[in-house]
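Here is the structure we will look at, set down as structure tokens.
Every number in this text was worked out from the coordinates using simple rules, so none of it is lab data. The shown structure was predicted, so the numbers you read here are calculated from the model rather than taken from an experiment.
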């Protein structure tokens, strides 16, 4: 399994939490259609205004193939909500998952 982790800084976490149901309604159908998609998590640090989005894939190839969706389709679908959240994407890292204890 492989994990794509996008980090965000300067986020209005309260606004993000308030609109998360709407975000999920828009994003989940897109993500579920990505080849090899295995699930995702949204993590926040309220005190620091930081957020992490972790998307899991069955292979490095499928994770890489999804990059254009994350860079183009997701921002297009969420532009109105993201503008309310403030902040910016600080980076994207990719990892191989060695242990999944869920």
Equivalent ellipsoid semi-axes, the chain, via Cα gyration tensor eigenvalues times 5, rooted, Å: 22, 16, 12
Percent RCO, i.e. relative contact order, over the chain, from Cα pairs under 8 Å lying at least 6 residues apart: 50
Pairs of Cα atoms farther than 14 Å apart, the range 9-68, %: 61
